[in-house]
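Student: Below: one structure in structure tokens.
The values are calculated or read from the model by the stated rules, or taken from the named source; none is laboratory data. Please read these numbers as outputs of a predicted model, since none were measured by experiment. Note: ideal-geometry Cβ built from the backbone for every residue, glycine included; neighbour counts use all protein chains shown.
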Amino acid sequence: MSKTLPTPLRVRFAPSPTGYLHVGGARTALHNWLLARRYGGVFLLRIEDTDRARSTDESTRAIFEGLEWLGLTWDEEVTYQGANLARHQADAQRLLEAGAVYRCFCTPAELEHRRAEAEARGDAFRYDRRCDRLAPDEIQRRVASGDPFVLRFRVPDGSTEWDDLVHGQITFPNKDIEDFVILRSDGTPIYNMAVVSDDIDARVTVVMRGDDHISNTPKQILLYTALGAPLPVFAHLPMIHGTDGKKLSKRHGAMAVGDYRHQGILPSAMDNFLALLGWSPGGDIEVMTMQEMIERFSPDGLLKKASVFDLKKLEWMNGQHLNMLPLEQIEPLITPAIVDAGLATRDWLAANHAWYMKLLELLRVRSRTVSDIVRQAAPYFGDAVDLDPDAVAKQWKDPVTPELLGEARDALAAASDWSEGPLEEALRGVAERRGLGAGKLFQPLRVALTGSSVSPGIFDVLLLLGRERSLARIDTALQVLAR
RNA sequence: GGCGGUAUCGUCUAGGGGACUAGGACACAGCCCUCUCAAGGCUGGAACACGGGUUCGAAUCCCGUUACCGCUACCA
């Protein structure tokens, strides 16, 4: 049974720019985006920069970059909460005039004191509404004399409930909700006020966010109602935890999507992996392109349970995408890393396009990340190779190695043509004459050619390197062995 | 403490009263393939938190307990 979505469908992602775009935020953004794309809705981006002390332009940029990298494009101009101060204040003022809120002159110090007292008694502190009982002339007097005050919402009796898109019915008895502040004594709005005002203004019809906001929701519903605005549908997505079951934080390793980008994760793999944290298309489907995710996304598949971020599975997923996507699509994501590693210039790669594509084709099968590819690509660029000491120790330890390599060199040099058929014939011939299994010859040769005991098939390596470099590397190996 | 939320292999999950001897994937182990490494194929170990109901029948519905998570600011 699928729940009905409102029309028009307008969703938003509203991060506060106090850091980078972390995986939890990215997942929330992705689910919002997927919902909008699947059902023809509008995806909005609002930067909640009201906490001026912690907000930075740099993290705003990081959020844009992160979203763009993930392919989560927004449909209307970005809005900034900080720019809406006047409206927030006007809405708060409206609430005061309508009698839904009252002035509270209690100072933070007083409140803190009473809170400490209640705690000492083992009681839960709840604002006692004493300022709501002030006589009108007393209020007038204190306002006139310039006493600072905040605006508090007068929570009515009864209960507040809603039908959450992911959790179903959730009910809060109003007696458990304290008369919360909506406007500080300096005239700036508290989060719940700003959010509601902005969501009403942006005509947001589905508020999908982390379930750490569940306890804010009744307060926000109260505000919508007092403001006479229609309620959006609420959807509370489960949290993402670290491997210890706790909320994700620095000690769990990388949290920022940018970190994964730099570790060589493909955006589509990141999206795929993140989408599956808290959502399932049902059945055994796992690896999907963005398009497939859009087609299959549904609020019915949204899960309630917090999930644990498993890096191993992300890497596996990345390997799947690395091999599934058309080479033309992933090449632009790999080339910058190749260039940054100093292996080749963009121009050189462009001039040797066919060779480069062949290399990538060979390496991507045995890689899980872009970084893996770069690491493995090194031996194919330039003339010299770095010999891996362990590989040398293991593969060249047999005293006949020099003889063997020399023979292989001569056979290769004598090949009628530098192509797979003749090369294979040459090498297999050597192995046969010496009564050796192919591996006994190929492994020492692999080390001579690539410096490593791990590489693509030996004939592919020979082709990639070309005749000249292949023979030269064997010669170098023979010199090393002669010492 | 109060309030709210959640509970299937180590992890991501399928399942929504009988198809469950609980399926898939990651990870792990073994085997196959094989010039190495990957990829791929096959096999294995591994879960319905606990207790009560309801029902002919419960992983599935209800209640309780426990555990975990979140919120509990003139933070967002």
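Student: Residues that are within 9 Å of RNA strand B (Cβ to nearest atom), of a type in the set (Gly, Ala, Ser) and either closer than 17 Å to A:Thr107 by Cα or assigned to a strand (DSSP E or B) (or both): does region A:167-181 have at least one? Please lay out each step first, then the result.
Tutor: Here is the first cut: in region A:167-181, the residues within 9 Å of RNA strand B (Cβ to nearest atom) are A:167-173, A:175-178, A:180-181.
This time we only want the ones that are of a type in the set (Gly, Ala, Ser), so: A:168.
Next cut, either closer than 17 Å to A:Thr107 by Cα or assigned to a strand (DSSP E or B) (or both) only: A:168.
Checked against the condition, which is being within 9 Å of RNA strand B (Cβ to nearest atom), of a type in the set (Gly, Ala, Ser) and either closer than 17 Å to A:Thr107 by Cα or assigned to a strand (DSSP E or B) (or both), region A:167-181 yields at least one hit.
Student: For region A:11-27, give me each residue that is touching a Lys or Arg at 6+ places or on another chain (Cβ under 8 Å) and surrounded by 21 or more Cβ atoms within 10 Å (Cβ to Cβ). Talk me through it step by step, then tell me what you get.
Tutor: Looking only at region A:11-27, we keep the residues that are touching a Lys or Arg at 6+ places or on another chain (Cβ under 8 Å), and these are A:12-14, A:16, A:18.
Hits for region A:11-27 are A:Arg12, A:Phe13, A:Ala14.
Student: Here are the criteria: (1) more than 25 Å from A:Arg366 (Cα to Cα); (2) within 15 Å of RNA strand B (Cβ to nearest atom). Tell me which single one A:Val454 does not satisfy.
Tutor: The single condition A:Val454 does not satisfy is (1).
Student: Quick check: is even one residue across region A:126-148 near RNA strand B (Cβ under 9 Å from one of its atoms), buried (at least 16 other Cβ atoms within 10 Å of the Cβ) and within 30 Å of A:Arg46 (Cα to Cα)?
Tutor: Checked against the condition, which is being near RNA strand B (Cβ under 9 Å from one of its atoms), buried (at least 16 other Cβ atoms within 10 Å of the Cβ) and within 30 Å of A:Arg46 (Cα to Cα), region A:126-148 yields no hits at all.
Student: Quick one: which residue in A:Ser55, A:Ser59 is touching a Pro at 6+ places or on another chain (Cβ under 6 Å), near RNA strand B (Cβ under 9 Å from one of its atoms) and at pLDDT below 95?
Tutor: Details: A:Ser59 fails: near RNA strand B (Cβ under 9 Å from one of its atoms).
Result: A:Ser55 is the single residue among A:Ser55, A:Ser59 that is touching a Pro at 6+ places or on another chain (Cβ under 6 Å), near RNA strand B (Cβ under 9 Å from one of its atoms) and at pLDDT below 95.
Student: Shifting gears a bit: What number of residues within region A:255-314 satisfy the criterion of being charged (D, E, K, R) and more than 18 Å from A:Leu72 (Cα to Cα)? Don't jump to the end; show me each part of the working.
Tutor: Initial filter on region A:255-314 (charged (D, E, K, R)): A:259, A:261, A:271, A:284, A:286, A:292, A:295-296, A:300, A:304-305, A:310, A:312-313.
Now narrow it down to the ones that are more than 18 Å from A:Leu72 (Cα to Cα): A:284, A:286, A:300, A:304-305, A:310, A:312-313.
Selection size over region A:255-314: 8.
Student: Quick test of your reading of the structure: A:Arg54 fulfils all but one of (1) closer than 23 Å to A:Asp201 by Cβ; (2) touching a residue at least 24 places away in the same chain (Cβ under 8 Å); (3) not β-branched (Val, Ile, Thr). Name the failing condition by number.
Tutor: (1)
Student: Ok, one more. Which one is farthest from RNA strand B (Cβ to nearest atom), of the residues in region A:262-280 that are surrounded by fewer than 18 Cβ atoms within 10 Å (Cβ to Cβ) and free of Cβ contacts under 8 Å to residues at least 60 places away in the same chain?
Tutor: The initial filter retains those residues of region A:262-280 that are surrounded by fewer than 18 Cβ atoms within 10 Å (Cβ to Cβ), namely A:262-263, A:280.
From what is left, the residues that are free of Cβ contacts under 8 Å to residues at least 60 places away in the same chain are A:262, A:280.
Values: A:His262: 21, A:Ser280: 3 Å.
Out of the qualifying residues, it is A:His262.
Student: If you check A:Arg368, A:Arg346, A:Arg296, which single one turns out to be closer than 30 Å to A:Ile458 by Cβ and within 14 Å of RNA strand B (Cβ to nearest atom)? Spell out the reasoning first.
Tutor: Working: A:Arg346 fails: within 14 Å of RNA strand B (Cβ to nearest atom); A:Arg296 fails: closer than 30 Å to A:Ile458 by Cβ.
Every option except A:Arg368 fails the conditions.
Student: Within region A:73-84, can one find any residue that is over 21 Å from A:Leu223 (Cα atoms), polar (S, T, N, Q) and away from RNA strand B (no atom under 16 Å from the Cβ)?
Tutor: For region A:73-84, residues over 21 Å from A:Leu223 (Cα atoms), polar (S, T, N, Q) and away from RNA strand B (no atom under 16 Å from the Cβ): present.
Student: Which of the residues spanning region A:216-259 are in a helix (DSSP H, G or I) and at pLDDT 95 or above? Break it down stepwise before answering.
Tutor: First pass over region A:216-259, keeping only residues in a helix (DSSP H, G or I): A:216-226, A:250-252, A:257-259.
Those that are in a helix (DSSP H, G or I) and at pLDDT 95 or above: A:Asn216, A:Thr217, A:Pro218, A:Lys219, A:Gln220, A:Ile221, A:Leu222, A:Leu223, A:Tyr224, A:Thr225, A:Ala226.
For (1) under 42 Å from the mean Cα position of the chain (by Cα); (2) at pLDDT 95 or above; (3) more than 26 Å from A:Gly228 (Cα to Cα), each residue gets a yes or a no:
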site: A:Arg126; (1), (2), (3): yes, no, yes
site: A:Pro148; (1), (2), (3): no, yes, yes
site: A:Arg154; (1), (2), (3): yes, yes, no
site: A:His167; (1), (2), (3): yes, no, no
site: A:Thr171; (1), (2), (3): yes, no, no
site: A:Ser197; (1), (2), (3): yes, yes, no
